[in-house]
Each structure stands twice: as structure tokens, then as C-alpha cells.
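Contents: one structure, followed by commentary.
The values are calculated or read from the model by the stated rules, or taken from the named source; none is laboratory data. Computed from a predicted structure; not experimentally measured. Here the Cβ positions follow ideal geometry from the backbone for every residue, glycine too, while neighbour counts run over all protein chains shown.
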Amino acid sequence: MKKILTAFLLLCSVCAAQAQTKVFKEVNEDIQSQVKPIYQDNSLVGYVVFTQLEKASADSFNYKITLMDENLNDIGVINFKEIKLFLYGVTFEQDVLCLAYFKSNFYFKEYTSKKEYKAAEQNEKTAILTQFLSLDGKIIKANNLNVTVKKSEWSGKMGNKSYMGSGALKNVYLRNIPGKGFALCYGDEQKNTLVAFNTAGDQLWTKPVKIFEGASLANMLTAGKYVYVLAKNKPDRRNGDMNLGSYEVWGFHIADSASPFKHALKDKQGNSLTINSFSNDPVTGNLFISGCVIDPQKGNNYATPKAFARGTFAGVYSLNINGPRKSDISEVYSYWNDGSQSLFSKKGQNLDSRTYCWYEGGIKDYQGNTYFFGTSFVKKAKVGSIVASVVTAPTVIIPLYISMFGYNKVRIDNTVLLKQSSKGVLSNESAIRGDEGGFYLNKLGWMFDTRKYMTASNPETKNTYLIISDKKNFFIYSLTAKKVIRTVPRKEGNILTYIFPAKEGHIMVSEYNRRERSTTVSIESL
């Protein structure tokens with residue numbers, strides 16, 4: 001049996017002027033539902049509940065789309081019939097919703113025999129279905145874009161007399177184009193394609209994204225007059241390429257896509273860059289990218305915290321792409337591997353806290369500053385193991401046994417915020433204390449770091465928030481107040497709590513009651 005709320009708990013977020021509450025009960029019917037947030041210009045404006053109902057024929061199903069506003073109020077229902085669908089994403093522009101589905105007569109379908117499975121495989125047809133809906137519940141237009149999908153290694157027999165076709169596209173991204181329509185970018189087994197639509201559902205243009213062989217699409221964003229595609233090339237270690245880098249940005253003008261431009265993400269010395277954020281500048285709306293500069297000698301060594309502490313990163317950077325020319329790109333780099341930073345050692349150790357940090361995310365505030373955040377850790381030698389190895393050296397076997405567990409240990413420390421000014425000056429903004437943990441063996445890699453991060457903003461107050469999901473609690477940190485403004489336990493009794501960023505200035509608090517098998521969603525202002 002399928003549970004409607006599974007996707008909801010993972011994907012939903014919502015906002016309202018005042019806190020509101022809605023209760024969802026699990027159902028035990030054989031139906032499948034997906035809940036997707038509706039975004040416009042990166043702001044949440046509502047939700048779509050896409051539900052597969054009973055079969056309409058041997059090859060098709062009845063489907064229902066429920067539209068909800070940002071307060072979870074139902075505003076409309078649309079019913080239609082189609083073959084097997086899986087919803088990728090939803091966006092909104094000029095009172096029109098655009099939905100992108102994976103559509104197939106073979107994949108994601110169950111078969112009762114191998115013969116039936118093989119027959120369906122021979123006749124496999126797969127496409128991306130784009131559907132355009134009006135707010136009064138009408139389907140304006142639908143398009144099929146044929147794609148080539150490779151079967152996954154799990155395709156085939158699932159259980160006793162049960163088979164399923166398994167496979168998926170490599171990447172699918174859907175965004176609105178302000179004042180124009182929509183952009184869809186996808187990659188299949190043969191090509192990577194960018195398509196622009198108007199709000200009537202007509203194709204404005206279709207362009208191949210001619211990235212290198214082995215490269216993959218990593219993101220897509222609309223900003224001003226341009227559609228930007230982020231691609232990650234397959235690193236060639238023989239040429240000194242970095243596993244964490246090898247990115248390039250492709251730009252397509254919305255009115256004239258004939259002459260795309262691209263920008264390799266490297267600094268002026270040719271060092272590769274990681275991607276911590278690929279978003280819109282909160283003030284200009286143009287493309288903003290931030291991340292770390294990869295050390296050219298040590299950048300591929302990061303499997304363990306000890307290896308990382310040798311200097312995987314050389315510094316941090318932020319850049320804005322405002323157009324196709326080199327003069328339209330503004331870059332700010334702050335290096336520590338040259339010894340120029342009083343806050344850091346050449347290997348990236350914070351000299352104040354004696355910790356290291358793998359910066360996972362980046363935020364740009366309304367004053368032009370960039371903040372890098374991540375989980376810091378303490379690395380220490382296992383003195384007892386070292387002494388024991390020396391004392392038992394004559395036995396040979398005992399030191400070998402001790403060495404199997406390594407001579408270093410690591411412990412999770414504070415979440416740190418590193419501030420980079422518009423001039424490239426670095427400063428320690430804050431150290432946010434989270435749930436503490438014990439020491440882990442260095443050989444276990446990054447298992448000690450279980451924290452996840454989300455961000456939220458409020459343009460009216462020009463405040464940005466960092467939401468930290470830790471082992472036992474959620475912590476909401478205000479960049480303006482420079483403190484944790486709220487702590488929410490993940491579990492209290494039978495209640496499991498989840499927090500998601502929502503529309504500007506709000507969060508969604510989802511509380512799942514295991515005993516009653518229900519989820520209560522409340523909309524709360526930050």
C-alpha cells in the first residue's frame with residue numbers, strides 16, 4: 001500500500017501571514033501521490049498534489065491534480081487520463097502552471113510475467129510530457145518531447161512473479177522565465193537539451209547544450225534576460241583535473257539563443273572551483289555563484305578528515321555573472337594557502353578555534369556580503385594508540401593490529417559562518433553550537449557529520465536565516481540577529497518534527513504523530 005504523505009514529508013514547504021494548521025491522515029488505499037512546491041522566481045507560491053487513481057484502461061490511469069495556495073487551501077482540481085506518469089517539477093508564470101512529467105509505456109510499470117515484461121520492453125516509448133494549466137482548471141496545452149532512457153541495473157524481476165521496468169533521465173530542471181514563459185533543461189542517454197516555452201505552451205526555441213562527452217547537467221537557473229545551465233565535466237586526472245571541480249556555465253539569451261556563451265569556473269591561476277551556491281543575487285536578481293578554490297596539488301585528497309586537513313581547499317570565492325562579456329563578470333577571491341590570512345593557516349585551519357571546516361553552502365545577503373557555512377571538526381592524534389604501538393613494537397603483530405584502526409580521531413564541532421565582504425576580507429561571523437557527538441575514527445571518513453542545512457530569507461526585513469538539521473534538534477539562526485532564534489526538538493514522545501524553509505519570511509513545521517498516523521502542518525513566521 002502506498003502512503004500519500006511520503007513525498008509530502010520530504011518535499012513540502014509553505015507560508016502564510018499568520019500561523020495556520022492543517023492535518024493530513026494516511027490512507028491505506030492503493031493510490032500514489034506526489035506533492036510538489038510551486039515556485040515562481042525562486043519564491044514558493046503554492047503546491048500541487050499529483051495523484052494516480054485507478055486504471056482507466058489496460059495502459060492508462062486516471063489522474064487528479066489538486067492545486068493549493070501557499071496556505072495549503074485547496075483552490076482547484078483537474079482530472080485527466082494518461083499512461084504512466086511521474087511528476088518532475090512545477091513552476092508558475094503569468095497565471096499559468098507548467099508541469100514536467102516522465103511519461104512511459106514501460107518504465108515504472110509492474111508486470112506479472114517475464115513474457116509480459118519483455119513484450120513491453122520491445123515497444124518502449126518514453127517522453128517528457130509538458131503540461132500547461134490555467135488557474136480555472138483547464139489544460140491549455142500538452143507537449144511530448146521524446147527521450148532515450150537506459151534501463152537501470154535494477155530493471156526486471158522484483159519478486160515472485162513480479163517485474164518492473166526501471167530507468168530514468170539523467171537530469172530534469174524546470175524554471176519560469178519572468179515575463180516570457182518557461183525553461184526546461186534535460187539530459188537523456190544521447191543529448192542534453194534546453195527548451196523555452198511561452199505561456200500558451202508553444203515552443204519558442206530548442207537548443208542543444210553541447211557539453212563535453214561524459215559531462216553532466218548540474219543545475220539550471222533563469223536570471224534577467226538569460227537562462228543559465230551549469231555543467232560538470234568529467235575530470236581527467238591526467239590533465240590535473242579536480243574531482244570536486246570541472247564546472248562551466250552556459251548562458252542563453254531568452255530572445256536570441258543562437259549564440260550561447262560559456263564561462264569555465266576557474267580562478268585567474270587556473271584553479272578549479274567547487275559550487276556551494278548557484279542562485280540569484282538577492283538585490284540584482286543576476287546569477288550568483290560561490291564556493292571554494294581547490295588547491296592544485298592537494299585538491300583530490302579529501303577521503304578522510306585527516307587528508308582534508310592537509311589543505312584540500314586554497315580559499316573561497318564569490319562571483320556574479322551579469323551578462324555574456326568578461327566585463328560582465330565580477331569575481332572576489334580570498335586565499336589562505338598563500339599565508340595572507342591571519343584567521344587561517346595555509347592548510348585552512350581556523351587559528352581561533354583550531355578547527356577545520358568543509359564549507360557546504362553559501363548565502364549572499366542584501367548588503368553584498370557572502371557567507372560560507374558548514375560543519376567544523378576537531379582532529380586529534382590517538383595518543384594511546386601511538387604509545388601502545390611503541391611499547392609493543394617488539395611483538396610486530398600488535399602494532400599492526402593497532403594500525404588497522406588508525407592513529408587519528410575526529411569530533412564534530414560547531415557550525416561555522418565565514419563572512420567574505422565585497423572586497424574579499426574574511427572574518428569569523430559566528431560559531432553555532434549544535435548537538436554534540438563523540439570522537440570517530442578518522443578511517444570512517446565523514447560519517448561523524450550528520451548535519452544538513454537549509455536557508456530562508458525575508459526581503460521585507462532583509463534578513464537571511466540558516467536552518468540547521470542536527471541529530472536531535474533543528475536550530476534556526478538569524479544572520480541579522482547573529483544568534484539562534486529558535487530550537488525545535490526532532491522528537492518528543494510520539495511526535496516526529498520536521499522543518500522546511502517556506503515562502504519569504506516563513507517556515508513550515510511538520511509534526512508526524514506515529515500513534516495516530518497523522519501529520520500536522522503549521523505555518524509560522526520567522
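Odds and ends about this structure:
- Residue 418 fulfils the conditions (1) within 22 Å of residue 480 (Cβ to Cβ); (2) of a type outside the set (Lys, Arg); (3) part of a helix (DSSP H, G or I) except for a single criterion, (3).
- Restricting attention to region 225-253 and to residues that are under 21 Å from residue 359 (Cβ atoms) and of a type in the set (S, T, N, Q), the residue that is surrounded by the fewest Cβ atoms within 10 Å (Cβ to Cβ) turns out to be 243.
- Exclusive hit being buried (at least 17 other Cβ atoms within 10 Å of the Cβ), more than 15 Å from residue 357 (Cα to Cα) and among the acidic types (Asp, Glu), set 267, 256: 267
- Any chance residue 485 is within 16 Å of residue 415 (Cβ to Cβ), part of a strand (DSSP E or B), among the aliphatic types (A, V, I, L, M) and over 24 Å from the mean Cα position of the chain (by Cα): yes
- Matching option when the condition is of a type in the set (Phe, Trp, Tyr), over 27 Å from residue 241 (Cβ atoms), modelled with pLDDT of 90 or more and within 24 Å of the chain's Cα centre (by Cα), among 302, 371, 317: 371
- Residues that are surrounded by fewer than 18 Cβ atoms within 10 Å (Cβ to Cβ) and closer than 12 Å to residue 347 by Cβ, drawn from region 307-325: 307, 310
- Region 488-503 - residue that is more than 18 Å from residue 451 (Cα to Cα) and surrounded by 17 or more Cβ atoms within 10 Å (Cβ to Cβ) and, of those, nearest to the chain's Cα centre (by Cα): 502
- Scanning region 167-195 for residues that are in contact with an Asp or Glu (Cβ under 8 Å, 6 or more places away or on another chain) and free of Cβ contacts under 8 Å to residues at least 60 places away in the same chain gives a single hit, 170.
- The number of residues in region 382-407 being loosely packed, with under 13 Cβ neighbours inside 10 Å and of a type in the set (Gly, Ala, Ser) comes to 3.
- Qualifying residue in region 206-216 (condition: hydroxyl-bearing (Ser, Thr, Tyr), out of contact with any Pro (no Cβ under 9 Å at 6 or more places or on another chain), at pLDDT 95 or above and over 20 Å from residue 105 (Cα atoms)): no
- For region 39-63, filtered to residues that are closer than 19 Å to residue 458 by Cβ and part of a loop (DSSP other than H, G, I, E, B), the residue that is nearest to the chain's Cα centre (by Cα) is 42.
- Residue check, residue 366 part of a loop (DSSP other than H, G, I, E, B) and closer than 30 Å to residue 228 by Cα: yes
- Those residues of region 331-363 which are within 29 Å of the chain's Cα centre (by Cα), outside any strand (DSSP E or B) and not polar (S, T, N, Q), in sequence order: 336, 347, 348
- Those residues of region 454-477 which are of a type in the set (Gly, Ala, Ser) and within 15 Å of residue 367 (Cα to Cα), in sequence order: 457
- Subset of region 326-339 that is touching a Gly at 6+ places or on another chain (Cβ under 9 Å) and among the hydroxyl-bearing types (Ser, Thr, Tyr) - its residue that is surrounded by the fewest Cβ atoms within 10 Å (Cβ to Cβ): 333
- Test for residue 147: is it modelled with pLDDT of 85 or more and crowded, with 19+ Cβ neighbours inside 10 Å: yes
- Inter-residue pairs, beta-carbon under 7 Å, first at positive phi and in region 474-485, second not in a loop (DSSP other than H, G, I, E, B), 6+ apart: 482/430
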